[in-house]
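Peer 1: I have a structure I would like to understand better, so I am pasting it below and will then ask my questions one at a time.
The values are calculated or read from the model by the stated rules, or taken from the named source; none is laboratory data. Just so it is clear, the structure is predicted and the values come from calculations on it, not from any experiment. Neighbour counts run over all protein chains shown; Cβ positions are idealised from the backbone, glycine included. What goes into the accessible areas is simple: the full protein's heavy atoms, side chains included, and nothing from ligands, DNA or RNA. Shrake-Rupley method; radii C 1.70, N 1.55, O 1.52, S 1.80 Å.
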Amino acid sequence: PSPKEQRRMRAAVRSAKRGPATASHRAMGTLPMEDGCGQWKVDPARPFDVGGASELLEVKVKVEDRGLARWEVETHALLVSLLASSKMKVDELRSGIELLDPTRYGSWSYYDKWAASIATAALARGYTSEDELNAALGECSLPLTQLFAEGEVVRVKRDEAKLCGWRKPHVRVPGYLFGAVGVVEKYRGSFEDPHFLAFRGTAAEQPLYTVRFSHAALGWGDERAEVCAEVYQGWLEAASSEDLANLPPPAVHDDHDDHHHGDHEHHSRYETERLAVEAQEPETPGERLVGALVEVLSQNGHLDLSRLRVAVEAVEKLAAPQAPDAIGPRVVARAWRDADFKRRLLDDAHTAILQEFDFNPTNSTAPTKLVAVADSPGTKNLVCCTLCSCYPITLLGLSPVWYKDVAFRARAVRDPRKLLADDFGLHLPADTSINVLDSTADCRYLVVPLPPPDAEDLSEADLAARVTRDSMIGVGLVRPAP
């Protein structure tokens, strides 16, 4: 990092050492939850500021309620565990995300950036070292200067490290070349290191070669055919002329539909490699990084795996589209049935909920202020966060994927009526006013939607079942009668 970046990292570490901001919350157990970091850059001068960005006004919001992938849950749980043990602070998470280079910042997903930032904090605090983390990632220190000249005999390394594993989309050498001996045809120059996790900035450059392989070297049968492939230096090791002369005989049983091997199907080398790749979903930067972080932090005594498992279970519950333990629907239902509670809720939501439900609605990682607003026949409230993704996690669970989307954040403040109609199917009368509430780092908003027409006939529990997460954000209505 540059001297300026190093100063920012040291400041973040000093801030982290001051300890947690608030006491634990009953709803989260002893686990401090966070759901407001890691967004896309638009203007480098204002990295999170997308509100009203004209280039995003025609971008469709991908409204989906997909669950989190397992590695995303583990990434969130890792942060929760580190926060709970005072090993990290949310400020460090934000700072580390801001320090990502623009290319990775703009292309990596929400939790990819979380994983990279957690790694940056772990390195800055001395919880692990570059060498330890690289070893866990399956990466090794590779020479960056040219080692092989044109005409030299080389061998492609076999798939023996995690870096070379069958993980798409970043496999840089075709599997059919593993272990093959060839001749350097041409040195192509040096290019940015293709290692998947150069997550702290622009990577060093790696020499690239065109290597020529005979079919015999690949175990294939055409004596007059050759293959030229581009191979980075990190995948090559020196070989000898004897290695080139003593090649294995061509494979003779790629087509073997007429026989079997015990109780398993025996595929050709090519088919085995193809099936191995297709069996996996594309890996992302954070997916591998979070696994490496868990490995090294637990080995070094900075992460309790039993606490991590508890955090994983808590995040899984909160990540559900309608979090089963979320208290928000109960709060809304009570407001519909009890006019005095509604008045107190709109006047001071924190005190009203604390007194009525014995529940602290403040964000568990910072002393946030909860504000409740009520829809009326002539006014619709809509909640967003144009700077990041601040959200009332204690009441609603984790925010949906689309809430973090730059298109939603940009359009919510600039063209909310069109956004609600085109992307959420919520068509408001022309004379309905829209009140957009742009959350800050210190406020979280809860929308009390209009009650269903049959509210008077329903119990409070039945009313709570009609309240949707989207209605409490302002992009949807309550559930219709069954």
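Peer 1: Output the number of residues of segment 424-482 satisfying the condition of being part of a strand (DSSP E or B) and among the polar types (S, T, N, Q).
Peer 2: Residues in segment 424-482 being part of a strand (DSSP E or B) and among the polar types (S, T, N, Q): 2 in total.
Peer 1: Let me ask you something else. Starting from residues that are of a type outside the set (A, V, I, L, M, F, W, C) and open to solvent by 60 Å² or more (accessible area, probe 1.4 Å), keep the ones in segment 416-437 and report whichever is nearest to residue 346 (Cα to Cα).
Peer 2: 435
Peer 1: Restricting the first residue to segment 108-130 and requiring it to be touching a residue at least 12 places away in the same chain (Cβ under 8 Å), which pairs with a second residue that is crowded, with 18+ Cβ neighbours inside 10 Å and of a type in the set (D, E, K, R) meet a Cβ separation below 6 Å and a spacing of at least six or different chains?
Peer 2: Pairs found: 110/404; 111/72; 121/92.
Peer 1: Kindly indicate whether any position in segment 450-459 is modelled with pLDDT of 90 or more and among the small types (Gly, Ala, Ser).
Peer 2: yes
Peer 1: Something else now. Would you mention how many residues in segment 335-351 are open to solvent by less than 50 Å² (accessible area, probe 1.4 Å) and touching a residue at least 60 places away in the same chain (Cβ under 8 Å)?
Peer 2: Of the residues in segment 335-351, 4 are open to solvent by less than 50 Å² (accessible area, probe 1.4 Å) and touching a residue at least 60 places away in the same chain (Cβ under 8 Å).
Peer 1: Of the conditions (1) surrounded by 18 or more Cβ atoms within 10 Å (Cβ to Cβ); (2) at pLDDT below 90; (3) not charged (D, E, K, R), residue 144 fails just one. Which one is it?
Peer 2: That leaves (1) as the condition not met.
Peer 1: Any chance segment 59-67 includes a residue that's at pLDDT below 70 and open to solvent by 10 Å² or more (accessible area, probe 1.4 Å)?
Peer 2: No: zero hits.
Peer 1: In segment 196-223, what residues are modelled with pLDDT of 85 or more and not aromatic (Phe, Trp, Tyr)?
Peer 2: 207, 208, 210, 211, 212, 214, 215, 216, 217, 218
Peer 1: If you go through segment 438-449 one residue at a time, how many are open to solvent by less than 20 Å² (accessible area, probe 1.4 Å) and either at pLDDT 95 or above or in contact with a helix residue (DSSP H, G or I) (Cβ under 7 Å, 6 or more places away or on another chain) (or both)?
Peer 2: Going through segment 438-449 one residue at a time, the tally reaches 4.
Peer 1: Also, I was wondering about something else. Please work out if residue 375 is in contact (Cβ under 8 Å) with a residue 12 or more places away in the chain, open to solvent by less than 50 Å² (accessible area, probe 1.4 Å) and over 32 Å from the mean Cα position of the chain (by Cα).
Peer 2: Yes: the conditions hold for residue 375.
Peer 1: May I pose another question? All but one of (1) modelled with pLDDT under 85; (2) surrounded by 15 or more Cβ atoms within 10 Å (Cβ to Cβ); (3) under 17 Å from residue 231 (Cα atoms) hold for residue 160, so report the exception by its number.
Peer 2: (2)
Peer 1: Does segment 419-440 contain any residue that is in contact with a Ser or Thr (Cβ under 6 Å, 6 or more places away or on another chain) and over 25 Å from residue 387 (Cβ atoms)?
Peer 2: no
Peer 1: Of the numbered conditions (1) closer than 22 Å to residue 64 by Cα; (2) acidic (Asp, Glu); (3) in contact with a strand residue (DSSP E or B) (Cβ under 8 Å, 6 or more places away or on another chain), residue 423 fails exactly one; give the number of that condition.
Peer 2: Failed condition: (3).
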